[in-house]
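Novice: Shown below is the structure under consideration.
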Amino acid sequence: MLDVDVAILGAGPAGATAALNLAPHWRVAVVDRHAVPKARIGESLPPAAKRLLSDMGLWAEFERQGHAPCHGNRATWNGITAEHDFLRDPDGHGWHLDRSRFEMLLRDEAQRRGAKFLTPAGVRGVASAPHGWEVAIAQERKGPFALRAKVLIDAGGRAAMLARKLGARRESRDKLVCAWVSGKDLVDTGDAMSHIEADEQGWWYSAALPSGRRVVAFHTDADLPAARHLQDPAWFAASGQRMKGLSDRLRESGFVADMQPATTAAHSATLTPAAGEGWFAVGDAAISFDPLSSQGLFNALYTGLAAAEATDRALQGDTSAGEGYRIEVGSIGAAYERHLHYCYAQEQRWRQSVFWARRA
Ligand SMILES: Cc1cc2nc3c(=O)[nH]c(=O)nc-3n(C[C@H](O)[C@H](O)[C@H](O)COP(=O)(O)OP(=O)(O)OC[C@H]3O[C@@H](n4cnc5c(N)ncnc54)[C@H](O)[C@@H]3O)c2cc1C
């Protein structure tokens with residue numbers, strides 16, 4: 001039996017952020033099935049993240065990590081190519097992250113501040129107990145054991161496994177999926193923009209990453225014809241070449257993919273409620289964003305910090321901490337839906353396309 005104040009499921013950006021903010025004040029345990037972060041897509045960090053990283057005492061180390069600056073977005077949408085640069089942004093530029101390195105920064109800092117990491121490990125079950133919860137853990141090296149905690153935080157990403165076990169309902173808003181490849185740019189073109197290009201059955205994304213690497217991704221709905229080919233490298237390459245802006249970019253930079261296309265869920269979803277008696281959900285577990293918004297990581301940092309503050313208040317006896325957090329997550333979700341709808345509605349060329357009709 002391991003006795004802690006806070007048990008966090010998930011050591012992704014949201015879970016590690018909650019842990020590093022709570023660990024100086026409370027006994028914290030973090031459970032994750034991966035001992036080190038898995039390579040995955042999701043690297044554009046908006047300029048406003050600098051404020052959160054500074055507030056949490058992470059800025060100096062973040063700067064040392066050498067992530068690539070991102071100076072704005074270039075979108076080919078509704079037949080027009082337009083740039084939105086960060087020149088007048090009060091926070092300066094954003095970043096294209098080395099995603100694994102960034103996640104390790106958050107994990108290492110949480111550990112340095114005293115959080116106990118249980119990895120690789122999973123949650124087998126959860127039950128209420130006097131003064132909190134009892135969580136059944138299966139850890140590869142140690143075998144099964146019980147974790148007793150006063151507060152639980154679900155930071156387990158889109159599955160929101162813990163919150164659903166506690167009775168919360170997760171609602172998906174669409175069926176968006178993503179296929180992506182990464183590889184090397186053989187020519188350094190100094191490209192520091194995120195590129196987006198609308199297609200009849202979805203949209204494309206590309207960004208140059210640190211160390212001369214690049215990611216290319218296509219997004220469509222899981223039930224549309226294009227989704228049947230997402231893992232076919234020949235289809236992926238040929239479809240990308242049809243896109244004028246994307247193919248010019250990849251040709252100029254001499255991009256060579258060094259992996260087969262991987263697929264992942266990318267739909268919007270909400271959790272109701274996002275917090276309950278003795279528990280909170282953070283990051284994608286609380287609210288999952290369409291990658292078009294590039295807000296997922298910021299939301300993970302923001303809700304990780306907000307839930308840490310609410311947990312701190314709850315542990316000190318404030319019974320309104322959960323309600324305040326639920327209201328905050330609700331207002332983030334409402335603002336997100338308005339912006340997403342506005343962005344998709346700007347593309348009007350393919351009114352017959354099921355993908356665009358669903359989003360009109
Ligand atoms: C295609 C795509 C592109 C994206 N691009 C961007 C982008 O450019 N910019 C941006 O800001 N965001 C982007 N995002 C979103 C961003 O990646 C997520 O919002 C972010 O990862 C959320 O962090 P999290 O910590 O909430 O969840 P996750 O990163 O999913 O972390 C969850 C953690 O929980 C662990 N876990 C889950 N279940 C269990 C279990 N049962 N037992 C043990 N461990 C468990 C996992 O191993 C993982 O470490 C993108 C997302 C997608 C799908």
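Novice: In region 179-230, carbon and sulfur make up what percent of the accessible area (probe 1.4 Å)?
Specialist: Its accessible area is 53 percent carbon and sulfur atoms.
Novice: Under a 1.4 Å probe, what is the accessible area of region 186-305 per residue, stated in Å²?
Specialist: It amounts to 38 Å² per residue over region 186-305.
Novice: How many percent of Cα pairs in region 1-152 exceed 18 Å?
Specialist: Everything past 18 Å amounts to 63 percent.
Novice: Same structure again: With every protein chain left in place, what is the accessible area of residue 80 in Å² (1.4 Å probe, nearest 10)?
Specialist: Rounded to the nearest 10, the figure is 110 Å².
Novice: Taking the alpha carbon gyration tensor of region 165-239, what are the square roots of 5 times its eigenvalues, largest first, to the nearest whole Å?
Specialist: They are 28, 18, 12 Å, listed from largest to smallest.
Novice: Just to be sure I understand: of the beta bridges DSSP finds with both ends in region 11-120, what percent are antiparallel, rounded to 5?
Specialist: Close to 80 percent.
Novice: Roughly what percent of Cα-Cα pairs across region 229-360 reach past 26 Å?
Specialist: Tail fraction, whole percent: 45.
Novice: For region 47-108, report the translational diffusion coefficient in µm²/s to the nearest whole number, using Stokes-Einstein at 10 °C, 1.306 mPa s, and a Kirkwood Rh over Cα pairs.
Specialist: It comes out at roughly 122 µm²/s.
Novice: Can you tell me what percent of all Cα-Cα pairs in the chain are more than 35 Å apart?
Specialist: 25
Novice: State, to one decimal in nm, how far the label point of residue 223 lies from the label point of residue 129, with both points 7 Å from Cα in the Cβ direction.
Specialist: 4.3
Novice: Rounded to the nearest percent, how much of the accessible area of region 254-341 (1.4 Å probe, protein heavy atoms only) is carbon and sulfur?
Specialist: Answer for region 254-341: carbon and sulfur cover 55 percent of the accessible area.
Novice: For a paramagnetic label modelled at 7 Å from the Cα of residue 174 toward its Cβ, which residues of region 274-311 fall within the zone defined by backbone nitrogen distances under 16 Å?
Specialist: Those under the cut-off are 288-296.
Novice: In this model, which of 116/165; 142/165; 116/175 are farther than 32 Å apart at the alpha-carbon?
Specialist: Flagged as over cut-off: 116/175.
Novice: Shifting gears a bit: For region 102-171, restrict the atom set to alpha-carbon positions and state the Rg and Dmax in Å.
Specialist: Radius of gyration, then largest Cα-Cα span, for region 102-171: 13.4, 38 Å.
Novice: Sticking with this structure for a sec: Can you work out D for region 70-144 in µm² s⁻¹ from Stokes-Einstein, where Rh is the Kirkwood radius over C-alpha pairs, the temperature is 4 °C and the viscosity is 1.567 mPa s?
Specialist: 75
Novice: Could you give the dipole magnitude of the chain about its Cα centre, charging the beta-carbon of Lys and Arg +1 and that of Asp and Glu -1, in debye to the nearest 20?
Specialist: I would put it at about 740 debye.
Novice: Work the Kirkwood hydrodynamic radius out for region 1-57: mean of 1/r over every pair of different alpha-carbon atoms, inverted, in Å.
Specialist: So the Kirkwood estimate lands at 13.1 Å.
Novice: Please list, by residue number, every one of the trypsin sites (Lys or Arg not before Pro) in region 77-111 that is coil in DSSP and has at most 16 other beta-carbon atoms within 10 Å.
Specialist: For trypsin sites (Lys or Arg not before Pro) across region 77-111 that sit outside H, G, I, E and B with at most 16 neighbouring Cβ atoms in 10 Å, the list reads 88.
The values are calculated or read from the model by the stated rules, or taken from the named source; none is laboratory data. These numbers come from a predicted model, not from an experiment. Neighbour counts run over all protein chains shown; Cβ positions are idealised from the backbone, glycine included. When the accessible area is computed, the model is the full protein with side chains, heavy atoms only, and any ligands, DNA or RNA have been set aside. Shrake-Rupley method; radii C 1.70, N 1.55, O 1.52, S 1.80 Å.
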